[in-house]
Amino acid sequence: MAFARSTHAGDPARLATPLLAVALGADAKFPRALAALDRSTGGALSRALKERDFKGGRDETLLVLAKGSGPKRVLLVGMGTGDDAAAITRAASVAGRKANGMGVERFAFWGGDLDARGVENAAIGASLGGWEYTELKSTSANGGRAKPLTAAIICVSDTKAAAKAIADGQAIAEGQRLARRLAIMPGNLCTPEYIAETAKEIAKRHKLKCTVMGRKEMEKLGMGSFLAVAQGTPQDPKFIVLEYKGAEPAEAPVALVGKGLCFDSGGISIKPADRMEWMKFDMSGAAGVLGAMEAIGRMKPEINVVALIGSTTNMPSGTAMNPGDVVRASNGKTIEIINTDAEGRLVLADVLAYAARYKPQAVIDAATLTGAVVIALGNIAVGVLGNDQETINEVLAAGRAGGEPGWQLPLWPEYREQIKSDVADMKNTGSRGAGTITAAHFLAEFAEGYKWVHLDIAGTAYTETDLVAIPRGPTGTPVRTFVEFVRGRAH
Ligand code: BES
Ligand code: MN
Ligand code: ZN
């Protein structure tokens with residue numbers, strides 16, 4: 001369900017709302033601007049701060065009931081010592097999650113004197129906090145709650161000045177909600193076909209051009225690498241192209257590329273059964289690309305963007321690729337398949353080679369590509385590699401601005417040695433060490449002729465533990481990194 005955001009200017013004490021969330025930093029003084037609100041709680045709010053029942057620590061919350069015609073309840077939300085965009089987003093998310101759990105339909109958020117970025121981040125956080133996936137629960141996931149949360153009001157000093165920030169925040173949040181939903185959907189529902197249909201819906205909504213190719217078309221294009229993965233499944237693989245034109249037609253586009261493995265069993269090199277169900281998230285890169293296109297379609301930045309998604313599943317079967325097989329990708333390079341579980345790079349090889357025909361100004365791909373990136377960076381930082389340092393720096397900055405920090409790993413030529421093959425141009429896996437880097441080296445063989453940055457999101461696209469601001473499941477990464485990069489490049 002779409003989530004509505006609006007603004008309120010003036011004293012929040014006079015806002016009739018079932019819930020007002022007030023974000024405060026660590027050890028903050030009670031804000032003077034909220035004196036009337038404090039009175040409506042009989043002074044409980046300022047007392048809670050003074051008595052240190054509420055210290056403003058990150059994710060800390062305290063609920064206080066109020067009297068009168070203003071807010072019925074006030075939720076204090078701590079931001080800790082962070083005062084950046086991420087802290088506001090996080091506080092608004094925590095508030096949104098609480099509000100959703102309480103069963104209020106809407107809530108208001110006060111975060112002090114917010115600038116445009118602050119308003120945007122509050123809007124994003126409020127919306128994402130209220131996000132949940134309930135479509136497959138036959139009894140309402142609401143339990144005893146009255147109503148699901150569907151709207152938030154951000155308190156601002158000037159409604160007019162905040163209008164664009166709210167609209168942009170709404171666009172980005174809707175993109176992230178779409179990405180989260182696709183990612184959490186089980187593989188039997190979120191199929192390559194479903195991803196293609198979702199792309200077509202986005203195209204229709206925002207008047208983009210959408211082309212969907214299947215096995216036949218890919219055979220014509222000589223995509224032997226992508227098709228090697230797809231040959232293990234009877235489902236038709238989908239190669240999806242979405243084109244957004246916000247600038248002159250001749251202007252070089254930014255290309256966003258996504259790995260869309262709707263399920264990765266490992267294929268013949270099958271994965272252990274334990275936690276294999278998490279491999280439904282192996283299309284998170286594709287979900288991130290589609291989420292970004294939804295946001296871009298709403299924001300309409302002056303720039304051209306092309307989205308390229310390779311979607312299939314990796315299955316063991318009588319027709320599946322085998323270790324030792326050699327296949328030829330669309331750029332003519334041959335690949336010896338050592339491990340069929342290194343399938344994401346095989347799919348991306350042909351998609352990245354295809355991107356060259358757009359003569360793009362930059363290409364960013366996102367993929368849940370390696371378990372090794374989880375070992376290196378855990379669930380905190382996106383693994384970032386590429387062939388152009390300036391573009392890498394730009395992507396790192398975009399990730400920071402969007403609260404999805406990345407960390408660069410070295411793509412030194414020494415690591416390329418690991419994927420040398422006795423019989424083909426390269427192998428699809430290296431030896432044991434530096435798995436994220438050798439995977440990126442493999443991709444670099446196909447990302448030729450343009451500036452390219454690779455995001456390994458295997459550790460950051462979803463969380464296996466509840467993060468307070470984000471429930472167990474998909475995070476929405478890297479939608480914001482994509483959007484920040486694209487709007488940074490727009491005219
Ligand atoms: N989709 C996986 C990567 C992955 C692993 C994502 C764990 C999230 C959590 C990818 O296709 C894969 O299986 N990679 C292999 C590569 C190996 C065979 C060289 C891996 O990382 O184990
Ligand atoms: Mn795999
Ligand atoms: Zn995979």
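For the cross-link pairs Lys271/Lys427; Lys147/Lys204; Lys200/Lys259; Lys98/Lys200; Lys164/Lys451; Lys259/Lys451, the ones whose C-alpha atoms lie over 23 Å apart are Lys147/Lys204; Lys98/Lys200; Lys164/Lys451. In the chain, the longest principal axis of the Cα atoms and the axis of helix 284-299 are about 60 degrees apart.
Residue-wise HN-Hα couplings along region 249-258, as the Karplus relation 6.51 cos²θ - 1.76 cosθ + 1.60 with θ = phi - 60° gives them from phi, are x, 7, 5, 4, x, 8, 10, 10, 10, x Hz; Gly and Pro carry x. Secondary-structure-derived ellipticity at 222 nm for the chain, considering helices only, amounts to -10500 deg cm²/dmol, per-run term -39500 (n - 2.57) for DSSP H runs with n ≥ 4.
Please arrange Arg328, Arg97, Arg345 by counting, for each residue, the other beta carbons lying within 10 Å of its beta carbon, fewest first. Display every interim value, and only then the final one.
On the way: Arg328 16, Arg97 24, Arg345 27.
By the 10 Å Cβ count, ascending, the order reads Arg328, Arg97, Arg345.
Expressed in units of 2.2 N^0.38 Å, where N is the residue count, the Cα radius of gyration of region 301-353 is 1.42. With respect to the chain, whose longest principal axis is taken over its alpha-carbon atoms, helix 389-401 is tilted by about 30°.
Taking the convex hull of the alpha carbon atoms in region 4-161, what volume per residue do you get, in Å³?
Details: hull volume 16.3 nm³, N = 158.
Hull volume over Cα atoms, normalised by residue count, gives 103 Å³.
Exposure proxy shown here: for Trp131, Trp278, the number of other Cβ atoms within 10 Å sets the order, fewest to most, as Trp278, Trp131. Remark: the chain is approximated by an ellipsoid whose semi-axes, taken from the C-alpha gyration tensor as √(5λ), come to 44, 22, 20 Å, largest first.
Suppose we look only past 23 Å in the calculated P(r) of region 359-456. What percent of the Cα-Cα pairs does that tail hold? Of all Cα-Cα pairs in region 359-456, 23 percent lie more than 23 Å apart. Rounded to the nearest Hz, the phi-derived 3J(HN,Hα) couplings of region 174-187 under the Karplus curve 6.51 cos²θ - 1.76 cosθ + 1.60 (θ = phi - 60°) are 5, x, 5, 5, 4, 5, 5, 5, 4, 5, 7, 4, x, x, where x marks glycine and proline.
The angle between the Cα long axis of helix 344-355 and the longest principal axis of the Cα atoms of the chain comes to about 90 degrees, rounded to the nearest 10.
Want the number for Leu136 to Trp412: 0.36 nm per residue separation, take away the alpha-carbon distance, what's left?
Numbers: separation 276, 0.36 × 276 = 99.36 nm, distance 4.61 nm.
That pair, Leu136 and Trp412, stretches by 94.8 nm at full extension.
Backbone phi angles across region 419-429, fed through the Karplus curve with coefficients 6.51, -1.76 and 1.60 (θ = phi - 60°), yield HN-Hα couplings of 9, 6, 10, 6, 10, 10, 5, 6, 9, 8, 9 Hz in residue order; Gly and Pro are listed as x.
Of the residues Asp350, Asp388, the one with the fewest other Cβ atoms within 10 Å heads the list, and the complete ranking is Asp388, Asp350.
Every number in this text was worked out from the coordinates using simple rules, so none of it is lab data. Quick caveat, the model's predicted, so the values are computed rather than measured. With ideal geometry, Cβ positions are generated from the backbone for all residues, glycine too; neighbour counts draw on all protein chains shown.
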